[in-house]
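**Q** Right, I'll just put the structure down here and ask away after.
Since every read-out is calculated from the coordinates, none of them should be taken as a lab result. Since the structure is predicted, the reported quantities are computational estimates derived from the model, not experimental observations. Neighbour counts are summed over all protein chains in view; Cβ atoms, including those assigned to glycine, are modelled from backbone coordinates with ideal geometry.
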Amino acid sequence: MTVAISTPWQRSAQARSSGAVRSGPRGKKDWRANLFGRAVTGVVIALALVWLIPVAWTLDTSFKPENATIVIPATWAIPKLTFSAYGAVFSATDLGRWYINSAFVAIVVTVLTVITASMAGYALSRRRFRGKAFFYAAILAGIMIPPQALIVPLFREFQTAHLINTYWALVLPQVPAPIAVFIFKKFFDGIPISLEQAAEVDGAGWWTAYRRIALPLARPAIAAVSIFTFVWTWNNFLWPFLAATSQTMMTIPAGIGTVVSGVGIINALQMASAVLGALPLVFVFLLAQRQIVEGVAGTGLK
Amino acid sequence: MSIKKPSARTITAATPGPLEPAPPMPGPLNRRAFLAGAAVLGASLATAGCAGTYDVASGLTGSSGGANASTLVYWNLLSGGDGSHMEEMEAAYTKAHPGVNLESTILAWGNPYYTKLAMAIRSGSPPDVAIMHLSRINEFGPPGLLTPLSLDLLAAHGMEPKDFTPLAFSKAHFNGHQLAIPLDTHPFVQYYNTKLCRKAGLLDSSGQLPPITGTQAMLTVLRKLKKLGVTPAACDQVNDPATAWRLFYTLYSQAGGKVLADNGKKVVLDEALATKVLGFIYQMATEGLMNANVDSNGGTALFQAGSAAFYWEGEWEVDVYQAANLPFSMQPFPALFGSDVAQADSHTFVVPRQSSADPERLSQALTMIRALLGQSLTWAEGGHIPAWLPVRDSAAYKKLKPQSNYESVADRAIYDPPAWYSGSGSDMENYAGAAIGTLMTGGLNPQAAYQEMRQSFETLSKETVPV
Amino acid sequence: MTATAVSVPKAASKEAKRARRRRGGWGNAGLLAPFGVFYLLFLVGPLIYDIVMSFFNTSLVLPGLGSFAGLANYRELFSDSRFWQAMWHTILFTLVSTPPLVIIPLFFAIVVNRIKHGQWFFRLAFFLPYILPSAVIALIWTWLYEPGYGLVDGFFHLFGLGAPGWVSSPNLALYSIVIVTIWWTIGFNFVLYLAGLQDIPRELYEASALDGAGRWKQTWRLTLPMLGRTTTLVTVLQIIASLKIFDQVYLITAGGPNYATRTAIEYIYDTGFTSERVGYAAAASLVLFVVILVVSFVWLALVRKQERGV
C-alpha cells in the first residue's frame, strides 16, 4: 500500500520495519490525555445513543393507540401496546402491492445492471477495437450527468411512448450505470489474462470466455454492484414518484410519500408505515452488513 | 485474488443519486447475503400475497384499474374529517353495488394532487373518477383533460341541471361542454363561540349573533371581545397561504374588486380597493384584534379550546368542534365592504379523459357519482353546502345546525378569478397568500403587500400558457 | 521437409486467427451494445432532449414540442427571482450542511477507531439511517418536528422552554432539514473515514509514540494529514450530493413555508410538472447541470493537484 504523505514518523517507521498493517495509536503515559480520551469516547457513545432515538421513537409511536399519540408533552409511555396501526396500514394503503413493486423493480434493475455493466466492462478491459478509448471516455463522461437533471425529458420520453405507469418506466431508466461499468472494467483489468488465453487456445469464443471465465471470477464485483444497486433502486424516490401515477404501480418510497394513508388522526399509522417501509432493507442491512460497509469503504480509497 | 480499487477521481461524480447506484466495491460474496436477499423477497411476496390479487400484466401494459373491468379507480384529495365522510359515502355505494371494486386513493391536497392528476391523464392511465376543485377548471378544461358529459347522458343516470346549485353547475360548464358535476360549495365563513359572545353581550334574543355590517361595526365587536381577555378573531396563515388569500379575496370581492381579466393574461388588481382592504386587515392585526400567528392546526386548536371568539376559515372544521362539545355557531362571513358575498370553491366530480372511450366504464363512473350525490346529507354534516338540490332543499338538511346557517352563500359564492394558474392550492394562491399572510401578522404594510401581490400576478400572467 | 513447411504456416495462421478473434468486431458490439442501448436511451438521449426542449415552449399536457422559443426560456430564467432563490437555498444548504457532515463523522471515526470492542454498535447506530428510504425519513422527522405532540417539542417542554416552529418558520425550516440530513447521511462518511483510518499503518503510530507524541499530537500531526485524500473525497461527494438535494425537502416542507426551502431540483419539478412548463424546466435543468459539472471539474483538478503534489 502506498502512503501518499511523507512524515518524519513515516520515514522512520519505514526504516524500522514492515510490520502488520493495523491501526490504533498508543500513548497511555499521559493520564490527562487518557481522561480526556475517555470523556471524548463517552461523548461519542452518548451521541450514538442519540442517533438511535428517532428510530426508537418511531417504533414507540407505532405501537400506541392513536389517541395516545396526541398528548402534550410527548411521552415514551405506551398506555396499551397494540398492533392496530400496523393492521391499519394494510387496509388503508396498497403497501403489499408496493412491496411487490419495489422488490420486482429492484431485482430486475440489479440483474440488468450487472449483466450490461459487466459485459461492457469486460469489453473495455479485454477487447481490442477501434474507438475503444472513445467509448471509454464517453462512458466516463456519463458519470458526470446527474440523473435529477433528466427527469423532465425522461418523463416526456415515456409519456410519448405511452409507457408511464408501467414496469418499463420504473425499471429501464435505472439500468444504465456508468460507474458500474467502470468498476467492472477495473476489476477485469486486475485479472491475469493468462486464464483467458488458455481458454482461447482451446478454441473458446468471446462469449464463452466471458461467460465461463470472466464472469465467475467477477463474483466479488458482482456481489458489490448487486447489493448497492439493489439498495439504491429500492430507496429511489424521485423517479418512481413521477413515473408511477396509480397506487398499484408505486414502489414503497413513492407510495409512502404520495398517498395520504388514512383519515383523521393517523400518527401511529404513519409510524407503522415508516417501520414497514424500512423493514426489508433493514433485514438486508443486518444480514449483509459487512458487504455493504466494505463496499462503501472501498469507494474512497486510492 | 487481489482486487484493484478504482482511483478516487472517478468516484467524483458517482455520488449516490436517485437514478444511479452508489459507487460499489468488490467484497467477498457471502452466501448469507444471497439467502438474506431471498428471504426478503420471499417475505415481501408473502406479505403482499395477503393483500389481494396482483396483476403483473397490467404493470407491463400500463392499464391501471382498467385492466380489471370491474374496478373503478377514484382519486380525491379529501383527508381529515372530509376523508371520513367520503369514506362513509363510498361505503354506502359499495354496499349497493357489490359487483364493483372501488379503488379509492387519497393524495395530498394542493398542487401535488393536480400535478399527479394532469400527469396521469396525459400519460394515458388516469383514474375513472376524480374530485376536482371547480376553480381548477381553467387548468384542466382547455387542454381537453376531462371527458365532456352530455346532458342526455347525465339525465340517463339521474342527474339533471335543475338538480344542482345553478351557480356551481354553470361554472362547471366550459366551452360548450359540461365538464364537472358539483358535489358542494364550501365558502369562507365565520365561526363564533356563543359562550364568549354572550358574555360580551353580542347575542340577540334567540342566542344568535346578528349579522355584523361594515368595518366599523366589526372593529367595535372585536374590541368588545378583546376586553374579555381572549383572542377576538383567529385566522391562520402560517403554512396556509390559501386561508390568507380567502380572507383577502372575500373582503376585496365584497368591495366589488376584480383581480384578473382575459383568462389571467391581464392583471386588473385595483390599487385603491386592495390597499383599503389590506389596510383593514392590517389594522386588525396591529391592534391585536386578530391572531394570525397560527397554522391551520393551531387555529383550530385555539378556537376549540375556547381561547378565540371568532374563527375565520372554511366551513369544514365543524366536525371537530361538535366532537369537542364546544358552544359555537356559524354564519356567513360578515358583509364588511358593501356586499355579502364570500370566497368559495366547489368540490366537483370529473371523469378524466381516458385513452380509449369506454361507454360501459363511463356509465359505471356516472352511476357512482349519482350514488355519492345521494349521500350528500352525510357530506353536509362535514360542513359543506350540498350542490345536490334534493338534499340542499330538504328538511333534513335545514335541520342540520349550524351547517345550514350559511346555506344561502352558495348562490353568491365568488370563485377564484379564472386563469390557468389559479384555483385552490395553486401558485397564485401560494404567492398572493404569502404576501397577505405576512401582512396579517403585521410584517408588511398594506402598500408593500399590495406591491408584492401585484408583482406575483404580473409574473404569472406573463408566463407562456402551457394549456 | 514438406511436413515442417506445412506446419509453420498453420501455426502462424492459428495465431493470427486468435489475434483477429480478440479484435473481432461482432464480439465487441455484442458486449458493449446492451449497455450502450440503455446508456443512449436513458442517459445521453434525455440530455440531448433536454437541450432541445429548452429552446421550445413545451407543455406537459400538450403533445409535441410546442412553439419555438429561441433563447426566451434562458432569458426568462436569468431574470426569474424564484429560480435564483431556489439556487440560493441549494447553495445555502450545501454551505451549512457540508462542514458538519465532513467534520462530525471524522471526529466519530477517530474516536471509534480506538475502541477495541463493539465497533459494530457504532456502525449500526450511525449507518442504519443511511439505508432508510427518504420517504421513511420524512415520516419519522415530520412526526419528530410536529408542533406540540412531537418529541423535539416535548424535549424543549422538559426544560420549560417554548419551541419554535421547526418546519413552519421560514427562517428555521432549512436548518431543520439540515439536521435531518445530517442524521440521515452521516453513516456513509463515517464508514469512509473508518476505512481510511484503518489504512494507516500501525507502525507510524508506534514510531510517533516512541518519539514521545501524545494522543492529541498524533491525531493532529499524523492521523489528519493521512486522511487528507479521504477528507477531500468526502467533502466533494457531500457537496455534489447537496446540490442535487430534493427528497427530504419536498417530503417534509414541500419547499415551504412560502417557498423558503425550495431547492433547485424542486424548482425544476415545480416548473415542469406543477406549472406544466416543460421547456422552461429543461432550461433550468441544464443550468443546474452546468453548475454541478463545474464543481466536479474543480474537484478533479484539486485531486490531480493533490496526487501530484504529495
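**Q** Relative contact order for chain B: what is it in percent, counting Cα pairs under 8 Å that are at least 6 residues apart?
**A** 24 percent
**Q** Now for a different question. Please compute the Cα-Cα pair-distance distribution of region C:150-205 with 10 Å bins starting at 0, giving whole percents from short to long.
**A** Once binned at 10 Å, the Cα pair distances of region C:150-205 give 19, 28, 22, 17, 12, 1.
**Q** Which order do C:THR58, B:THR115 fall in if you start with the one that has the fewest other Cβ atoms within 10 Å?
**A** Values: C:THR58 29, B:THR115 20.
The fewest-first ordering by Cβ neighbours comes to B:THR115, C:THR58.
**Q** Summing Lys, Arg as +1 and Asp, Glu as -1, what charge do residues with Cβ under 9 Å from the Cβ of B:LEU145 carry, B:LEU145 excluded? Working shown, then result.
**A** On the way: positive: B:ARG122, B:ARG353; negative: B:GLU139.
With Lys, Arg at +1 and Asp, Glu at -1, the neighbours total +1.
**Q** Roughly how big is the protein assembly as shown's charge dipole about its Cα centre, with Cβ charges of +1 (Lys, Arg) and -1 (Asp, Glu), in debye to the nearest 20? Mind dumping the intermediate values first?
**A** Numbers: 81 positive and 64 negative charges, 1233 e Å.
Magnitude of the dipole: close to 5920 debye.
**Q** Which residue, chosen from A:MET249, A:ALA214, A:TYR167, occupies the Cα position most advanced towards the positive end of the dipole of region A:94-260, where the dipole is computed from +1 (Lys, Arg) and -1 (Asp, Glu) charges on Cβ about the Cα centre?
**A** A:ALA214
**Q** Using the structure shown, list the pairs from B:LYS276/B:LYS399; B:LYS171/B:LYS399; C:LYS217/C:LYS305; A:LYS64/B:LYS195; B:LYS276/B:LYS401 with a Cα-Cα distance above 32 Å, or answer none.
**A** B:LYS276/B:LYS399; A:LYS64/B:LYS195; B:LYS276/B:LYS401
**Q** Output ³J(HN,Hα) for region C:119-129: one whole-Hz value per residue in order, computed from phi by the Karplus curve 6.51 cos²θ - 1.76 cosθ + 1.60 with θ = phi - 60°, and x for Gly and Pro.
**A** Listing the rounded values in order: 4, 4, 4, 5, 4, 4, 4, 8, 8, 3, x Hz.
**Q** Could you tell me, in Å, what Rg and Dmax come out for the Cα atoms of region A:94-260?
**A** My reading of the Cα-based Rg and Dmax gives 18.4, 63 Å.
**Q** Ok, one more. Stokes-Einstein diffusion coefficient for region B:239-360 at 10 °C in a medium of 1.306 mPa s, Rh from the Kirkwood formula over Cα pairs: what value in µm²/s?
**A** 92 µm²/s
**Q** Which whole number of Å³ per residue matches the convex hull of the alpha-carbon atoms in region C:126-251?
**A** Spread over its residues, the Cα hull of region C:126-251 gives 148 Å³ apiece.
**Q** For the protein assembly as shown, with the dipole built from +1 on Lys and Arg beta-carbon atoms and -1 on Asp and Glu ones, taken about the Cα centre, which of B:PHE248, B:ALA108, A:LEU124 lies farthest toward the positive end?
**A** So the residue we want is A:LEU124.
**Q** Next question. Under a point-charge model restricted to the Cβ atoms of Lys and Arg (+1) and Asp and Glu (-1), what is the dipole moment magnitude of region C:86-309 relative to its Cα centre, in debye to the nearest 20?
**A** 720 debye
**Q** Another one. Which of the helices in chain B meet the span-like rule: DSSP H, Cα axial reach of 18 Å or more, Kyte-Doolittle mean at least -0.5?
**A** B:31-49, B:241-254, B:271-286, B:359-374, B:427-440
**Q** Moving on. Counting only other chains, and only Cβ atoms inside 10 Å, what mean value do you get across the residues of A:60-66?
**A** So the per-residue partner count for this stretch is 1.
**Q** For chain B, what size does the Cα cloud have along each of its three principal axes, sorted from largest down, in whole Å?
**A** Largest to smallest, the principal-axis extents are 88, 62, 47 Å.
**Q** So, with +1 on the Cβ of K and R and -1 on the Cβ of D and E, and no other charges, what is the size of the charge dipole of chain B about its Cα centre, to the nearest 20 debye?
**A** Working: 33 positive and 39 negative charges, 202 e Å.
Here the size comes out at about 960 debye.
**Q** While we're here: Would you be so kind as to identify which of B:ILE369, B:PHE457, B:TYR93 lies farthest towards the positive end of the dipole of chain B, taking Lys and Arg as +1 and Asp and Glu as -1 on Cβ and the Cα centre as origin?
**A** Positive-most Cα among the choices belongs to B:PHE457.
**Q** If all Cα-Cα distances of the protein assembly as shown are sorted into 20 Å bins from 0 onward, what percent lands in each bin, rounded to whole numbers?
**A** 11, 39, 33, 13, 3, 0, 0
**Q** Return the sequence-ordered ³J(HN,Hα) values of region B:189-196 in whole Hz as given by the Karplus equation 6.51 cos²θ - 1.76 cosθ + 1.60 applied to θ = phi - 60°, using x for Gly and Pro.
**A** Taking θ as phi minus 60°, the curve returns 9, 10, 8, 9, 7, 5, 4, 5 Hz for region B:189-196.
**Q** Also, I was wondering about something else. For region C:86-309, what size does the Cα cloud have along each of its three principal axes, sorted from largest down, in whole Å?
**A** 66, 49, 26
**Q** Going by amide H atoms built from the backbone, whose H comes under 5 Å of the H on B:GLU103, apart from near neighbours?
**A** Here the answer is B:LEU72, B:VAL73, B:TYR74, since their amide H atoms fall under 5 Å of that of B:GLU103.
**Q** Before rounding to the nearest 500, sum -39500 (n - 2.57) across all DSSP H runs of length at least 4 in the protein assembly as shown and divide by the residue total; then give [θ] at 222 nm in deg cm²/dmol.
**A** -17500 deg cm²/dmol
**Q** Please list 3J(HN,Hα) in residue order for region A:211-227, calculated via the Karplus relation 6.51 cos²θ - 1.76 cosθ + 1.60 where θ = phi - 60°; whole Hz, with x for glycine and proline.
**A** 6, 8, 9, 4, 4, x, 5, 8, 3, x, 5, 4, 4, 5, 4, 4, 4
**Q** Same structure again: Test of understanding: ordering C:TRP84, C:TRP299 by Cβ neighbours within 10 Å, fewest first, what list do you get?
**A** Ascending number of Cβ neighbours within 10 Å: C:TRP84, C:TRP299.
**Q** Which cross-chain or sequence-distant (5 or more) residues have an amide H under 5 Å from the amide H of C:PHE56, H modelled 1.01 Å from N in plane?
**A** Distant-sequence amide H within range of C:PHE56: C:ALA69.
**Q** Quick check on the exposure proxy: order A:TRP168, B:TRP312, C:TRP216 from fewest to most C-beta atoms within 10 angstrom.
**A** By the 10 Å Cβ count, ascending: C:TRP216, A:TRP168, B:TRP312.
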